[in-house]
């Protein structure tokens with residue numbers, strides 16, 4: 001975990017067989033440390049999709065778990081194991097409510113170093129890239145930029161020269177560094193498909209022996225509202241899918257064993273793994289009111305109810321999660337008893353059922 005030359009405990013993971021003869025001296029991790037463990041330094045550069053927000057695991061966490069899961073298959077030709085050191089100039093996620101960076105992860109027990117910043121564009125990185133690369137000395141850079149350029153009005157063709165400049169500056173600072181160039185995942189946003197097509201061309205044009213570039217593609221199934229909690233950012237399921245594509249790219253570049261297949265049966269609930277507090281359900285005219293307090297990363301709740309008196313079906317209030325801290329359900333039968341379920345949510349992403357609060361109320 002090198003953070004601006006501060007080397008701390010490297011999380012030992014194991015990497016697959018690497019054809020080191022195809023890599024230059026800089027990018028050959030076998031030259032970075034003698035003995036039975038070989039270090040691979042990974043620098044992630046991106047925007048809020050890579051950085052994450054308060055309460056997230058982040059796809060960076062999922063990637064490290066994915067790499068660890070194939071440890072038994074990931075022994076190099078000399079019988080050495082691989083240890084990944086994620087490097088960067090920051091460790092925080094961004095708290096959308098406090099409007100500041102915080103160390104508030106769903107699970108902080110991973111190598112959190114990165115170089116991703118909310119709102120960052122290909123046209124204007126928030127730091128000196130050459131200095132960052134010289135300082136962290138990565139073997140591979142995972143680069144995911146361009147979406148914010150489109151959102152600020154740039155044409156896809158105008159974004160490409162900035163991406164090429166980033167790659168060339170990184171190579172000048174660390175000759176032979178490999179690049180994982182990520183497609184932008186919200187393909188429903190105007191210009192993203194065109195940008196991704198151009199990024200594929202960039203990767204093909206700049207990829208060469210000793211200085212590889214590979215594309216981390218959009219996952220085969222990646223849907224607005226099912227894999228994201230808003231128009232742009234992955235939910236817990238989306239994080240897993242993004243990490244899998246980056247892992248595949250690392251494998252193609254010779255830095256990782258093939259990842260285990262993505263198994264939808266093991267996907268977590270999409271919403272944040274955090275509980276509401278102070279949930280209150282109280283009678284109101286012809287209905288009831290619901291209020292709650294929420295931790296960072298939880299932006300609202302899904303409220304559902306059923307008429308216990310008549311044995312009616314469950315109904316989701318407003319048909320979707322309610323953002324905020326309070327809501328009112330009306331047009332109910334006065335005097336009837338209702339069972340109410342309140343589940344944390346962030347945008348379209350609803351949390352696991354274990355975080356559900358259930359209360360009963362008599363409609364006013």
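The values are calculated or read from the model by the stated rules, or taken from the named source; none is laboratory data. Treat the numbers as computed from the prediction; the structure is a model and nothing was measured. In this analysis, Cβ positions are derived from the backbone assuming ideal geometry, glycine residues included, and neighbour counts consider all displayed protein chains.
Table: residues versus (1) assigned by TED's automatic domain parsing to the domain that holds residue 295; (2) surrounded by 21 or more Cβ atoms within 10 Å (Cβ to Cβ); (3) closer than 22 Å to residue 250 by Cα; (4) free of Cβ contacts under 8 Å to residues at least 12 places away in the same chain.
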site	(1), (2), (3), (4)
78	no, no, yes, no
81	no, no, yes, no
90	no, no, no, no
99	no, no, no, yes
111	no, yes, yes, no
120	no, yes, no, no
138	no, yes, yes, no
155	no, no, no, no
159	no, yes, no, no
So which of 303, 246, 262 is in contact with a helix residue (DSSP H, G or I) (Cβ under 9 Å, 6 or more places away or on another chain), free of Cβ contacts under 8 Å to residues at least 60 places away in the same chain, surrounded by 15 or more Cβ atoms within 10 Å (Cβ to Cβ) and not in a loop (DSSP other than H, G, I, E, B)?
303
Report yes if residue 275 is in contact with a strand residue (DSSP E or B) (Cβ under 7 Å, 6 or more places away or on another chain) and over 15 Å from residue 144 (Cα atoms), otherwise no.
yes
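Looking only at region 249-272, how many residues end up being under 24 Å from residue 324 (Cβ atoms) and out of contact with any strand residue (DSSP E or B) (no Cβ under 7 Å at 6 or more places or on another chain)?
Within region 249-272, the subset under 24 Å from residue 324 (Cβ atoms) is 269-272.
This time we only want the ones that are out of contact with any strand residue (DSSP E or B) (no Cβ under 7 Å at 6 or more places or on another chain), so: none.
Total satisfying the criteria: 0.
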The condition of being under 20 Å from residue 171 (Cβ atoms) and in contact with a strand residue (DSSP E or B) (Cβ under 6 Å, 6 or more places away or on another chain) holds, among 102, 87, only for 87
Please go through region 69-116 and pick out each residue that is modelled with pLDDT under 95, under 19 Å from the mean Cα position of the chain (by Cα) and within 25 Å of residue 136 (Cα to Cα).
84
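Go through region 176-206 and count every residue that is within 22 Å of residue 151 (Cα to Cα) and either in contact (Cβ under 8 Å) with a residue 60 or more places away in the chain or not in a helix (DSSP H, G or I) (or both).
Start the filter on region 176-206 by keeping residues that are within 22 Å of residue 151 (Cα to Cα), which leaves 181-202.
With the extra rule that they be either in contact (Cβ under 8 Å) with a residue 60 or more places away in the chain or not in a helix (DSSP H, G or I) (or both), the set shrinks to 181-191.
Number satisfying all stated conditions: 11.
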Could you list all residues from region 19-68 that are surrounded by fewer than 22 Cβ atoms within 10 Å (Cβ to Cβ), touching a strand residue (DSSP E or B) at 6+ places or on another chain (Cβ under 8 Å) and modelled with pLDDT under 55?
24, 30, 32, 33
Would you confirm whether or not region 207-221 contains a residue that is touching a residue at least 60 places away in the same chain (Cβ under 8 Å), part of a helix (DSSP H, G or I) and assigned by TED's automatic domain parsing to the domain that holds residue 45?
no
Could you please find all residues in region 135-170 being within 19 Å of residue 214 (Cβ to Cβ) and assigned to a loop (DSSP other than H, G, I, E, B)?
138, 139, 145, 146
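So, residue 246, is that one in the same structural domain as residue 145 (by TED's automatic domain parsing) and touching a strand residue (DSSP E or B) at 6+ places or on another chain (Cβ under 7 Å) or not? So that I can check it myself, show each step before the final result.
On the way: in the same structural domain as residue 145 (by TED's automatic domain parsing): yes; touching a strand residue (DSSP E or B) at 6+ places or on another chain (Cβ under 7 Å): yes.
Yes.
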